[in-house]
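The values are calculated or read from the model by the stated rules, or taken from the named source; none is laboratory data. Every value quoted in this text rests on a predicted model; they were computed, and no experiment measured them. No Cβ is skipped: glycine too gets one built from the backbone with ideal geometry, and neighbour counts run over all protein chains shown. These accessible areas exclude ligands, DNA and RNA; they are computed on the full protein's heavy atoms, side chains included. Shrake-Rupley method; radii C 1.70, N 1.55, O 1.52, S 1.80 Å.
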Amino acid sequence: DIAIIWFRQDLRLSDNPALTAAARHAHVLPLYILDDHNGGEHTIGAASKWWLHYSLKSLNTSLNESLSLYQGEPMAILTDILSRYQVTAVYWNRCYEPWQITRDKHIKARLSALGITVNSFNASLQHEPWTILKNDNTPYQIFTPYYRRANLLDTDTQALPAPGITGALCQDSQSISLEALKLRPKIRWDGNFYPCWTPGEAGAQSSLDQFLAHGLENYQAGRDFPGLKAVSRLSPHLHFGEISPRQINQALLSLPDDNNREHFKRELSWREFSYYLLFHWPELPEKNLKTHFTHFAWSDNPESLKRWQQGLTGYPLVDAGMRELWQTGFMHNRVRMICASFLVKNLLIDWRLGARWFWQCLVDADLASNSASWQWVAGCGTDASPYFRIFNPITQGEKFDPQGTYIKHFLPELKNLPLKYLFRPWQAPADILKKANITLGQDYPLPMVDIKESRENALAAYHQIKHLS
Ligand code: FAD
(Lines give C-alpha, C1' and ligand atoms only; values in the text may rest on other atoms or scores of the structure.)
Protein backbone atom coordinates (compact mmCIF):
# COMPACT_ATOMS: atom_id res chain seq x y z
CA ASP A 1 0.00 0.00 0.00
CA ILE A 2 1.71 3.16 -1.24
CA ALA A 3 0.45 6.69 -0.73
CA ILE A 4 1.72 9.66 -2.75
CA ILE A 5 2.26 13.00 -1.04
CA TRP A 6 2.43 15.60 -3.78
CA PHE A 7 4.29 18.65 -2.42
CA ARG A 8 3.43 21.96 -4.08
CA GLN A 9 3.37 25.22 -2.07
CA ASP A 10 3.76 23.44 1.26
CA LEU A 11 7.49 22.67 1.31
CA ARG A 12 7.70 21.69 4.97
CA LEU A 13 7.20 18.68 7.23
CA SER A 14 5.63 20.33 10.28
CA ASP A 15 2.03 21.51 10.27
CA ASN A 16 1.52 19.79 6.93
CA PRO A 17 -1.91 18.10 7.08
CA ALA A 18 -1.54 16.21 3.78
CA LEU A 19 1.77 14.75 4.89
CA THR A 20 0.42 13.83 8.31
CA ALA A 21 -2.50 12.00 6.67
CA ALA A 22 -0.28 10.25 4.10
CA ALA A 23 2.03 9.10 6.90
CA ARG A 24 -0.67 6.68 8.09
CA HIS A 25 0.11 4.43 5.11
CA ALA A 26 2.82 1.77 5.22
CA HIS A 27 4.75 3.35 2.34
CA VAL A 28 4.89 7.00 1.33
CA LEU A 29 6.22 8.34 -1.98
CA PRO A 30 6.94 12.10 -1.63
CA LEU A 31 7.16 14.00 -4.89
CA TYR A 32 7.43 17.43 -6.43
CA ILE A 33 6.49 18.25 -10.02
CA LEU A 34 7.78 21.40 -11.70
CA ASP A 35 4.63 22.15 -13.66
CA ASP A 36 5.65 24.35 -16.57
CA HIS A 37 2.67 23.24 -18.66
CA ASN A 38 -0.45 24.64 -17.07
CA GLY A 39 0.44 28.08 -15.73
CA GLY A 40 0.92 29.98 -19.00
CA GLU A 41 2.09 33.50 -18.16
CA HIS A 42 1.89 32.64 -14.49
CA THR A 43 4.52 29.94 -14.57
CA ILE A 44 7.11 30.53 -11.85
CA GLY A 45 9.44 33.52 -12.45
CA ALA A 46 13.24 33.60 -12.47
CA ALA A 47 14.00 34.76 -8.91
CA SER A 48 11.39 32.42 -7.45
CA LYS A 49 12.99 29.54 -9.32
CA TRP A 50 16.21 30.29 -7.48
CA TRP A 51 14.32 30.07 -4.20
CA LEU A 52 12.56 26.89 -5.22
CA HIS A 53 15.88 25.18 -5.97
CA TYR A 54 17.14 25.67 -2.44
CA SER A 55 13.78 25.03 -0.83
CA LEU A 56 13.52 21.64 -2.58
CA LYS A 57 17.07 20.87 -1.58
CA SER A 58 16.20 21.55 2.04
CA LEU A 59 12.98 19.53 1.85
CA ASN A 60 14.85 16.60 0.29
CA THR A 61 17.33 16.63 3.17
CA SER A 62 14.46 16.58 5.68
CA LEU A 63 12.98 13.62 3.78
CA ASN A 64 16.18 11.56 4.00
CA GLU A 65 16.96 12.28 0.33
CA SER A 66 13.75 10.51 -0.78
CA LEU A 67 11.99 13.33 -2.60
CA SER A 68 11.21 12.32 -6.20
CA LEU A 69 11.40 15.14 -8.73
CA TYR A 70 9.75 15.56 -12.13
CA GLN A 71 9.12 18.24 -14.70
CA GLY A 72 6.13 18.52 -17.02
CA GLU A 73 2.41 17.82 -17.11
CA PRO A 74 1.38 16.48 -13.67
CA MET A 75 -1.44 14.23 -14.88
CA ALA A 76 0.85 12.46 -17.34
CA ILE A 77 3.54 12.09 -14.67
CA LEU A 78 1.10 10.75 -12.08
CA THR A 79 -0.36 8.30 -14.62
CA ASP A 80 3.13 6.98 -15.31
CA ILE A 81 3.85 6.54 -11.59
CA LEU A 82 0.52 4.74 -11.10
CA SER A 83 1.44 2.29 -13.86
CA ARG A 84 4.61 1.34 -11.98
CA TYR A 85 3.52 1.31 -8.32
CA GLN A 86 0.53 0.01 -6.33
CA VAL A 87 -0.68 3.45 -5.28
CA THR A 88 -3.97 3.56 -3.36
CA ALA A 89 -4.17 7.20 -2.35
CA VAL A 90 -2.84 10.64 -3.28
CA TYR A 91 -2.54 13.49 -0.78
CA TRP A 92 -1.98 17.20 -1.37
CA ASN A 93 -2.57 20.58 0.20
CA ARG A 94 -4.75 22.93 -1.81
CA CYS A 95 -3.41 25.69 -4.08
CA TYR A 96 -5.50 28.73 -4.94
CA GLU A 97 -4.31 30.22 -8.22
CA PRO A 98 -7.07 29.88 -10.85
CA TRP A 99 -4.98 27.68 -13.16
CA GLN A 100 -4.01 25.44 -10.25
CA ILE A 101 -7.64 25.06 -9.19
CA THR A 102 -8.64 24.02 -12.72
CA ARG A 103 -5.71 21.59 -12.98
CA ASP A 104 -6.33 20.02 -9.58
CA LYS A 105 -10.06 19.53 -10.19
CA HIS A 106 -9.28 17.75 -13.41
CA ILE A 107 -6.61 15.56 -11.80
CA LYS A 108 -8.84 14.72 -8.87
CA ALA A 109 -11.63 13.60 -11.21
CA ARG A 110 -9.24 11.49 -13.33
CA LEU A 111 -7.64 9.82 -10.30
CA SER A 112 -10.99 9.11 -8.67
CA ALA A 113 -12.17 7.49 -11.91
CA LEU A 114 -9.13 5.19 -11.64
CA GLY A 115 -10.22 4.17 -8.14
CA ILE A 116 -7.57 6.19 -6.33
CA THR A 117 -8.57 8.18 -3.28
CA VAL A 118 -7.57 11.84 -3.43
CA ASN A 119 -7.42 13.78 -0.16
CA SER A 120 -6.79 17.51 -0.17
CA PHE A 121 -6.27 19.87 2.78
CA ASN A 122 -5.83 23.50 3.70
CA ALA A 123 -2.26 24.19 4.75
CA SER A 124 -1.63 27.80 3.83
CA LEU A 125 -4.56 29.99 4.82
CA GLN A 126 -6.26 30.84 8.08
CA HIS A 127 -9.57 30.89 6.22
CA GLU A 128 -10.17 29.51 2.75
CA PRO A 129 -11.80 32.06 0.43
CA TRP A 130 -15.22 30.42 0.20
CA THR A 131 -15.66 30.34 3.99
CA ILE A 132 -16.15 34.11 4.34
CA LEU A 133 -19.09 35.77 2.62
CA LYS A 134 -21.35 38.74 3.27
CA ASN A 135 -24.84 38.16 4.62
CA ASP A 136 -26.18 38.15 1.06
CA ASN A 137 -23.71 35.37 0.18
CA THR A 138 -21.59 37.56 -2.08
CA PRO A 139 -17.88 38.12 -1.45
CA TYR A 140 -16.49 41.14 0.36
CA GLN A 141 -14.76 43.70 -1.81
CA ILE A 142 -13.34 45.84 0.99
CA PHE A 143 -10.68 44.67 3.41
CA THR A 144 -11.91 46.08 6.75
CA PRO A 145 -15.35 44.40 6.83
CA TYR A 146 -13.74 41.21 5.49
CA TYR A 147 -11.19 41.34 8.29
CA ARG A 148 -13.85 42.01 10.90
CA ARG A 149 -15.84 38.99 9.74
CA ALA A 150 -12.72 36.80 9.61
CA ASN A 151 -11.95 37.74 13.21
CA LEU A 152 -15.34 36.49 14.34
CA LEU A 153 -14.56 33.01 13.01
CA ASP A 154 -12.73 30.44 15.05
CA THR A 155 -9.13 30.11 14.00
CA ASP A 156 -7.35 26.88 14.70
CA THR A 157 -3.98 27.80 16.22
CA GLN A 158 -2.84 24.28 17.06
CA ALA A 159 -0.08 23.50 14.56
CA LEU A 160 0.62 19.83 13.75
CA PRO A 161 4.00 18.34 14.64
CA ALA A 162 6.09 16.79 11.85
CA PRO A 163 4.99 13.15 11.46
CA GLY A 164 7.52 10.35 11.95
CA ILE A 165 7.71 8.94 8.44
CA THR A 166 11.35 8.14 7.90
CA GLY A 167 10.76 4.39 7.88
CA ALA A 168 7.90 4.61 5.38
CA LEU A 169 9.58 6.77 2.74
CA CYS A 170 10.36 5.42 -0.72
CA GLN A 171 11.74 7.07 -3.85
CA ASP A 172 10.90 6.54 -7.50
CA SER A 173 13.84 5.26 -9.54
CA GLN A 174 12.67 7.48 -12.43
CA SER A 175 13.08 10.68 -10.40
CA ILE A 176 15.24 13.31 -12.08
CA SER A 177 17.93 15.23 -10.23
CA LEU A 178 17.46 18.69 -8.74
CA GLU A 179 20.07 20.03 -11.17
CA ALA A 180 18.03 18.68 -14.09
CA LEU A 181 15.16 21.03 -13.15
CA LYS A 182 17.53 23.89 -14.11
CA LEU A 183 16.09 26.28 -11.57
CA ARG A 184 19.24 28.29 -11.01
CA PRO A 185 20.17 30.95 -13.58
CA LYS A 186 22.80 30.22 -16.25
CA ILE A 187 24.09 33.77 -16.01
CA ARG A 188 24.87 34.11 -12.34
CA TRP A 189 22.91 37.21 -11.26
CA ASP A 190 22.05 35.50 -7.98
CA GLY A 191 25.30 36.28 -6.11
CA ASN A 192 23.66 38.72 -3.71
CA PHE A 193 20.79 36.39 -2.92
CA TYR A 194 22.91 34.02 -0.85
CA PRO A 195 23.76 36.32 2.09
CA CYS A 196 20.14 37.54 2.21
CA TRP A 197 18.18 34.32 2.35
CA THR A 198 17.99 30.80 3.74
CA PRO A 199 15.20 29.04 1.83
CA GLY A 200 13.62 26.02 3.52
CA GLU A 201 11.72 25.13 6.65
CA ALA A 202 14.58 25.77 9.08
CA GLY A 203 15.29 29.16 7.44
CA ALA A 204 11.61 30.09 7.77
CA GLN A 205 11.55 29.18 11.43
CA SER A 206 14.71 31.14 12.10
CA SER A 207 13.32 34.23 10.26
CA LEU A 208 10.23 34.00 12.46
CA ASP A 209 12.28 33.60 15.65
CA GLN A 210 14.51 36.55 14.71
CA PHE A 211 11.53 38.74 13.97
CA LEU A 212 9.70 37.84 17.17
CA ALA A 213 12.83 38.47 19.22
CA HIS A 214 14.00 41.72 17.58
CA GLY A 215 11.46 43.12 15.08
CA LEU A 216 7.93 42.75 16.38
CA GLU A 217 8.41 45.12 19.33
CA ASN A 218 8.75 48.02 16.89
CA TYR A 219 6.61 46.66 14.06
CA GLN A 220 3.78 49.17 14.01
CA ALA A 221 6.00 52.25 13.93
CA GLY A 222 9.00 50.70 12.20
CA ARG A 223 7.40 48.74 9.34
CA ASP A 224 7.33 51.81 7.08
CA PHE A 225 11.05 52.54 7.36
CA PRO A 226 13.02 50.53 4.80
CA GLY A 227 16.33 51.27 6.54
CA LEU A 228 15.20 49.54 9.77
CA LYS A 229 14.99 45.81 10.42
CA ALA A 230 11.39 46.02 11.56
CA VAL A 231 9.63 43.61 9.18
CA SER A 232 9.65 39.82 9.16
CA ARG A 233 10.79 39.07 5.58
CA LEU A 234 8.64 35.96 5.83
CA SER A 235 6.87 36.49 2.49
CA PRO A 236 8.93 34.04 0.36
CA HIS A 237 8.78 31.44 3.14
CA LEU A 238 5.00 31.85 3.25
CA HIS A 239 4.66 31.73 -0.52
CA PHE A 240 6.47 28.41 -0.75
CA GLY A 241 4.74 27.08 2.34
CA GLU A 242 7.90 26.61 4.37
CA ILE A 243 5.91 27.96 7.28
CA SER A 244 2.14 28.23 7.78
CA PRO A 245 0.05 31.13 9.08
CA ARG A 246 -1.11 28.73 11.80
CA GLN A 247 2.46 28.23 13.01
CA ILE A 248 2.98 31.99 13.03
CA ASN A 249 -0.25 32.55 14.94
CA GLN A 250 0.66 29.90 17.45
CA ALA A 251 4.02 31.57 18.07
CA LEU A 252 2.29 34.96 18.44
CA LEU A 253 0.02 33.61 21.19
CA SER A 254 2.87 33.57 23.68
CA LEU A 255 3.62 37.29 23.13
CA PRO A 256 1.86 40.32 24.61
CA ASP A 257 -1.40 41.20 22.87
CA ASP A 258 -0.38 44.76 21.93
CA ASN A 259 -0.64 47.04 18.88
CA ASN A 260 2.45 45.54 17.27
CA ARG A 261 1.04 42.04 17.40
CA GLU A 262 -2.33 43.23 16.19
CA HIS A 263 -0.80 45.14 13.28
CA PHE A 264 1.29 42.15 12.23
CA LYS A 265 -1.79 39.92 12.25
CA ARG A 266 -3.58 42.49 10.14
CA GLU A 267 -0.81 42.39 7.53
CA LEU A 268 -0.98 38.60 7.45
CA SER A 269 -4.68 39.04 6.75
CA TRP A 270 -3.87 41.27 3.76
CA ARG A 271 -2.22 38.19 2.32
CA GLU A 272 -5.39 36.21 3.02
CA PHE A 273 -7.51 38.96 1.47
CA SER A 274 -5.36 38.87 -1.68
CA TYR A 275 -6.02 35.13 -1.99
CA TYR A 276 -9.67 35.86 -1.37
CA LEU A 277 -9.82 38.43 -4.18
CA LEU A 278 -7.99 36.12 -6.58
CA PHE A 279 -10.40 33.29 -5.82
CA HIS A 280 -13.55 35.36 -6.24
CA TRP A 281 -12.18 37.48 -9.13
CA PRO A 282 -9.91 35.05 -11.03
CA GLU A 283 -9.29 37.76 -13.64
CA LEU A 284 -7.42 39.81 -11.00
CA PRO A 285 -3.96 39.38 -12.62
CA GLU A 286 -5.11 40.62 -16.03
CA LYS A 287 -8.19 42.79 -15.78
CA ASN A 288 -8.84 46.08 -13.98
CA LEU A 289 -11.46 45.28 -11.38
CA LYS A 290 -12.76 48.84 -11.74
CA THR A 291 -13.80 48.46 -15.34
CA HIS A 292 -13.58 52.13 -16.37
CA PHE A 293 -9.79 51.70 -16.23
CA THR A 294 -10.14 49.72 -19.48
CA HIS A 295 -10.28 53.11 -21.17
CA PHE A 296 -7.17 54.48 -19.47
CA ALA A 297 -4.65 55.96 -21.91
CA TRP A 298 -1.51 54.10 -20.87
CA SER A 299 1.73 55.26 -22.37
CA ASP A 300 3.53 52.76 -24.60
CA ASN A 301 7.13 53.62 -23.77
CA PRO A 302 9.57 50.69 -23.59
CA GLU A 303 12.51 53.04 -22.98
CA SER A 304 10.91 54.51 -19.83
CA LEU A 305 9.91 51.05 -18.63
CA LYS A 306 13.52 49.95 -18.97
CA ARG A 307 14.84 52.91 -16.98
CA TRP A 308 12.40 52.11 -14.21
CA GLN A 309 13.38 48.42 -14.26
CA GLN A 310 17.06 49.27 -14.07
CA GLY A 311 16.67 51.80 -11.27
CA LEU A 312 17.73 54.76 -13.43
CA THR A 313 14.79 57.13 -13.00
CA GLY A 314 16.80 59.88 -11.27
CA TYR A 315 14.59 59.64 -8.15
CA PRO A 316 16.83 58.04 -5.50
CA LEU A 317 14.16 56.28 -3.45
CA VAL A 318 12.63 54.69 -6.56
CA ASP A 319 16.04 53.70 -7.89
CA ALA A 320 17.15 52.26 -4.53
CA GLY A 321 13.98 50.14 -4.46
CA MET A 322 14.39 48.86 -7.99
CA ARG A 323 18.02 47.98 -7.28
CA GLU A 324 17.11 46.26 -4.03
CA LEU A 325 14.66 44.19 -6.07
CA TRP A 326 17.24 43.29 -8.71
CA GLN A 327 20.05 42.57 -6.26
CA THR A 328 18.20 40.73 -3.51
CA GLY A 329 14.91 39.49 -5.01
CA PHE A 330 12.97 41.56 -2.48
CA MET A 331 11.74 45.09 -1.95
CA HIS A 332 10.46 46.69 1.23
CA ASN A 333 6.68 47.16 1.20
CA ARG A 334 6.67 50.95 1.43
CA VAL A 335 9.15 51.17 -1.40
CA ARG A 336 7.09 48.70 -3.47
CA MET A 337 4.18 51.13 -3.20
CA ILE A 338 6.36 54.10 -4.17
CA CYS A 339 8.01 52.36 -7.13
CA ALA A 340 4.68 51.02 -8.36
CA SER A 341 3.02 54.43 -8.04
CA PHE A 342 5.90 56.04 -9.95
CA LEU A 343 5.51 53.61 -12.85
CA VAL A 344 1.75 53.78 -13.05
CA LYS A 345 1.19 57.44 -12.30
CA ASN A 346 4.34 59.45 -13.04
CA LEU A 347 5.24 57.38 -16.12
CA LEU A 348 1.64 56.40 -17.00
CA ILE A 349 2.77 52.84 -17.76
CA ASP A 350 0.26 50.00 -17.47
CA TRP A 351 0.43 48.34 -14.03
CA ARG A 352 0.47 44.91 -15.67
CA LEU A 353 3.94 45.59 -17.08
CA GLY A 354 5.15 46.46 -13.59
CA ALA A 355 3.51 43.37 -12.13
CA ARG A 356 5.23 41.25 -14.78
CA TRP A 357 8.65 42.65 -13.86
CA PHE A 358 8.01 42.02 -10.18
CA TRP A 359 6.90 38.51 -11.05
CA GLN A 360 10.29 37.74 -12.58
CA CYS A 361 12.39 39.53 -9.94
CA LEU A 362 10.74 38.80 -6.59
CA VAL A 363 11.63 35.72 -4.56
CA ASP A 364 8.19 36.14 -2.94
CA ALA A 365 6.37 36.60 -6.30
CA ASP A 366 2.84 35.55 -5.51
CA LEU A 367 0.01 35.76 -8.02
CA ALA A 368 -2.53 36.79 -5.40
CA SER A 369 -0.50 39.36 -3.44
CA ASN A 370 1.28 40.78 -6.47
CA SER A 371 -1.86 41.26 -8.57
CA ALA A 372 -3.96 42.59 -5.68
CA SER A 373 -1.22 45.01 -4.59
CA TRP A 374 -0.62 46.37 -8.10
CA GLN A 375 -4.36 46.92 -8.58
CA TRP A 376 -4.41 48.63 -5.19
CA VAL A 377 -1.63 51.07 -6.10
CA ALA A 378 -2.97 51.68 -9.60
CA GLY A 379 -6.37 52.53 -8.14
CA CYS A 380 -8.25 49.96 -10.23
CA GLY A 381 -8.76 47.26 -7.56
CA THR A 382 -11.93 46.69 -5.55
CA ASP A 383 -10.43 48.08 -2.35
CA ALA A 384 -7.88 50.40 -3.89
CA SER A 385 -5.94 53.46 -2.96
CA PRO A 386 -7.78 56.40 -4.57
CA TYR A 387 -6.22 57.27 -7.93
CA PHE A 388 -5.32 60.80 -6.85
CA ARG A 389 -3.08 59.40 -4.11
CA ILE A 390 0.21 59.73 -5.94
CA PHE A 391 3.27 58.96 -3.84
CA ASN A 392 5.89 61.69 -3.99
CA PRO A 393 9.28 59.92 -3.95
CA ILE A 394 11.01 63.00 -2.56
CA THR A 395 8.83 63.61 0.49
CA GLN A 396 8.41 59.86 1.05
CA GLY A 397 12.19 59.58 1.20
CA GLU A 398 12.49 62.46 3.66
CA LYS A 399 9.84 60.92 5.84
CA PHE A 400 10.65 57.21 5.73
CA ASP A 401 14.38 57.14 5.06
CA PRO A 402 15.29 60.24 7.08
CA GLN A 403 18.97 59.36 7.46
CA GLY A 404 19.22 58.08 3.89
CA THR A 405 20.42 54.69 5.16
CA TYR A 406 18.41 52.71 2.65
CA ILE A 407 19.17 54.94 -0.33
CA LYS A 408 22.89 55.05 0.36
CA HIS A 409 23.02 51.28 0.75
CA PHE A 410 21.58 50.61 -2.69
CA LEU A 411 22.94 53.72 -4.43
CA PRO A 412 26.53 53.90 -3.16
CA GLU A 413 27.30 56.47 -5.89
CA LEU A 414 25.28 58.97 -3.79
CA LYS A 415 26.88 58.15 -0.46
CA ASN A 416 28.78 61.45 -0.16
CA LEU A 417 25.82 63.64 -1.04
CA PRO A 418 24.59 65.68 1.95
CA LEU A 419 21.21 64.56 3.27
CA LYS A 420 19.64 67.83 2.19
CA TYR A 421 20.05 66.83 -1.48
CA LEU A 422 19.95 63.06 -1.21
CA PHE A 423 16.29 62.88 -2.19
CA ARG A 424 16.69 65.49 -5.00
CA PRO A 425 20.27 65.41 -6.30
CA TRP A 426 19.46 67.66 -9.27
CA GLN A 427 18.92 70.56 -6.91
CA ALA A 428 22.39 70.28 -5.39
CA PRO A 429 24.72 73.21 -6.25
CA ALA A 430 27.64 72.37 -8.53
CA ASP A 431 30.30 72.67 -5.80
CA ILE A 432 28.41 70.21 -3.56
CA LEU A 433 28.08 67.71 -6.40
CA LYS A 434 31.76 68.11 -7.18
CA LYS A 435 32.72 67.53 -3.57
CA ALA A 436 30.53 64.42 -3.48
CA ASN A 437 32.22 63.18 -6.67
CA ILE A 438 29.01 63.09 -8.66
CA THR A 439 28.49 64.17 -12.24
CA LEU A 440 24.76 64.07 -12.85
CA GLY A 441 23.84 62.37 -16.09
CA GLN A 442 26.98 60.28 -15.77
CA ASP A 443 27.36 58.82 -12.26
CA TYR A 444 23.68 59.16 -11.49
CA PRO A 445 20.84 60.12 -13.89
CA LEU A 446 18.95 63.38 -14.05
CA PRO A 447 15.24 62.89 -13.25
CA MET A 448 13.46 61.30 -16.20
CA VAL A 449 10.23 63.24 -15.59
CA ASP A 450 9.25 66.32 -13.62
CA ILE A 451 7.38 65.13 -10.55
CA LYS A 452 4.79 67.94 -10.51
CA GLU A 453 4.12 67.95 -14.21
CA SER A 454 3.80 64.16 -14.43
CA ARG A 455 1.43 64.24 -11.48
CA GLU A 456 -0.79 66.75 -13.29
CA ASN A 457 -0.71 64.56 -16.41
CA ALA A 458 -1.75 61.53 -14.38
CA LEU A 459 -4.66 63.38 -12.82
CA ALA A 460 -5.74 64.64 -16.25
CA ALA A 461 -5.58 61.11 -17.69
CA TYR A 462 -7.70 59.85 -14.81
CA HIS A 463 -10.16 62.69 -15.29
CA GLN A 464 -10.81 61.38 -18.81
CA ILE A 465 -12.03 58.00 -17.58
CA LYS A 466 -13.50 58.53 -14.17
CA HIS A 467 -17.07 59.04 -15.40
CA LEU A 468 -16.95 56.06 -17.74
CA SER A 469 -17.93 52.56 -16.75
P1 FAD B 1 5.72 41.85 6.96
O2 FAD B 1 5.45 43.29 7.13
O3 FAD B 1 6.60 41.20 7.95
O4 FAD B 1 4.30 41.13 6.91
C5 FAD B 1 4.12 39.75 7.23
C6 FAD B 1 3.45 39.02 6.09
O7 FAD B 1 2.17 39.58 5.82
C8 FAD B 1 4.20 39.09 4.78
O9 FAD B 1 5.22 38.13 4.73
C10 FAD B 1 3.10 38.85 3.77
O11 FAD B 1 2.83 37.47 3.62
C12 FAD B 1 1.90 39.51 4.41
N13 FAD B 1 1.72 40.87 3.90
C14 FAD B 1 2.21 42.02 4.41
N15 FAD B 1 1.79 43.07 3.68
C16 FAD B 1 1.03 42.58 2.68
C17 FAD B 1 0.30 43.17 1.61
N18 FAD B 1 0.25 44.49 1.42
N19 FAD B 1 -0.36 42.36 0.77
C20 FAD B 1 -0.36 41.01 0.94
N21 FAD B 1 0.31 40.40 1.95
C22 FAD B 1 0.99 41.17 2.81
N23 FAD B 1 3.72 40.27 -1.29
C24 FAD B 1 4.01 39.01 -1.64
O25 FAD B 1 4.08 38.13 -0.78
N26 FAD B 1 4.24 38.67 -2.95
C27 FAD B 1 4.18 39.60 -3.96
O28 FAD B 1 4.37 39.25 -5.13
C29 FAD B 1 3.91 40.95 -3.61
N30 FAD B 1 3.89 41.92 -4.56
C31 FAD B 1 3.63 43.22 -4.18
C32 FAD B 1 3.60 44.22 -5.17
C33 FAD B 1 3.34 45.54 -4.83
C34 FAD B 1 3.29 46.60 -5.90
C35 FAD B 1 3.13 45.88 -3.48
C36 FAD B 1 2.85 47.30 -3.09
C37 FAD B 1 3.14 44.91 -2.50
C38 FAD B 1 3.38 43.57 -2.83
N39 FAD B 1 3.40 42.55 -1.85
C40 FAD B 1 3.67 41.26 -2.22
C41 FAD B 1 2.97 42.82 -0.46
C42 FAD B 1 4.09 43.20 0.53
O43 FAD B 1 4.91 44.20 -0.01
C44 FAD B 1 4.97 42.02 0.94
O45 FAD B 1 4.18 40.93 1.33
C46 FAD B 1 5.88 42.40 2.10
O47 FAD B 1 6.70 43.48 1.75
C48 FAD B 1 6.74 41.22 2.49
O49 FAD B 1 7.66 41.59 3.46
P50 FAD B 1 7.60 40.99 4.93
O51 FAD B 1 7.46 39.51 4.85
O52 FAD B 1 8.78 41.52 5.65
O53 FAD B 1 6.26 41.64 5.47
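General observations
- Over segment 2-123, relative contact order from alpha-carbon pairs under 8 Å, at least 6 apart, %: 37 percent
- Count Lys and Arg as plus one, Asp and Glu as minus one, and take only other residues whose Cβ is under 15 Å from that of LYS435; the net charge is then 0.
- Computed FRET value (nearest 0.05) for ASN119 with TYR194, which takes r as the C-beta separation and R₀ as 25 Å: 0.10
- Extending 7 Å from the Cα toward the beta-carbon at both GLN464 and GLU267 defines two label points whose distance is 3.8 nm.
- Of all accessible heavy-atom area on the chain, the percent that carbon and sulfur account for (1.4 Å): 51 percent
- In percent, rounded to a whole number, the relative contact order of segment 359-469 is 17, using alpha-carbon pairs under 8 Å and six or more apart.
- Computed from point charges on the beta carbon alone (+1 for Lys and Arg, -1 for Asp and Glu), the dipole magnitude for segment 2-123 about its Cα centre is near 260 Debye.
- Note on THR43/LYS287: beta-carbon distance plugged into 1/(1 + (r/R0)^6) with R0 of 22 Å gives a FRET efficiency of 0.65.
- Amide H to amide H distances under 5 Å link LEU11 with GLY241, GLU242, where only residues 5 or more positions off or on other chains count and H is placed in the peptide plane.
- At a probe radius of 1.4 angstrom, the accessible area of the chain per residue rounds to 44 square angstrom.
- Amide hydrogen neighbours beyond the local backbone of LEU169, cut-off 5 Å, H modeled: VAL28
- Looking at segment 89-140, the trypsin sites (Lys or Arg not before Pro) that sit in a DSSP loop and have at most 12 other Cβ atoms within 10 Å of their own Cβ are LYS134.
- Beta bridges per DSSP, both residues in the chain: antiparallel share near 0 percent.
- Along the chain, longest interval not containing exposed GluC sites (Glu not before Pro), exposed being DSSP loop plus at most 14 other Cβ atoms within 10 Å: 66-282
- Amide hydrogen neighbours beyond the local backbone of SER68, cut-off 5 Å, H modeled: LEU31, TYR32, ASP172
- When each of LYS306/LYS415; LYS306/LYS399; LYS229/LYS287; LYS49/LYS134; LYS408/LYS434; LYS49/LYS105 is checked by Cα-Cα distance, pairs over 29 Å: LYS229/LYS287; LYS49/LYS134
- Loop chymotrypsin sites (Phe, Trp or Tyr not before Pro), segment 107-143 (other Cβ atoms within 10 Å of the site Cβ: 16 or fewer; DSSP): none
- In order along segment 56-64, the Karplus-derived 3J(HN,Hα) couplings, from 6.51 cos²θ - 1.76 cosθ + 1.60 at θ = phi - 60°, round to 5, 4, 5, 4, 4, 4, 4, 9, 6 Hz, and Gly and Pro are given as x.
- Added length on full extension, which subtracts the Cα-Cα distance from 0.36 nm per residue, LYS105 to LYS420: 107.6 nm
- From phi via Karplus (6.51, -1.76, 1.60), per-residue ³J(HN,Hα) for segment 310-318 in Hz, x at Gly/Pro: 8, x, 10, 7, x, 9, x, 5, 5
- Projecting the Cα atoms of PRO74, GLN309, SER235 onto the charge dipole of the chain, computed from C-beta unit charges around the Cα centre, puts GLN309 farthest toward the positive end.
- Distribution of pairwise C-alpha distances over segment 2-123, 10 Å bins, in %: 12, 47, 36, 5
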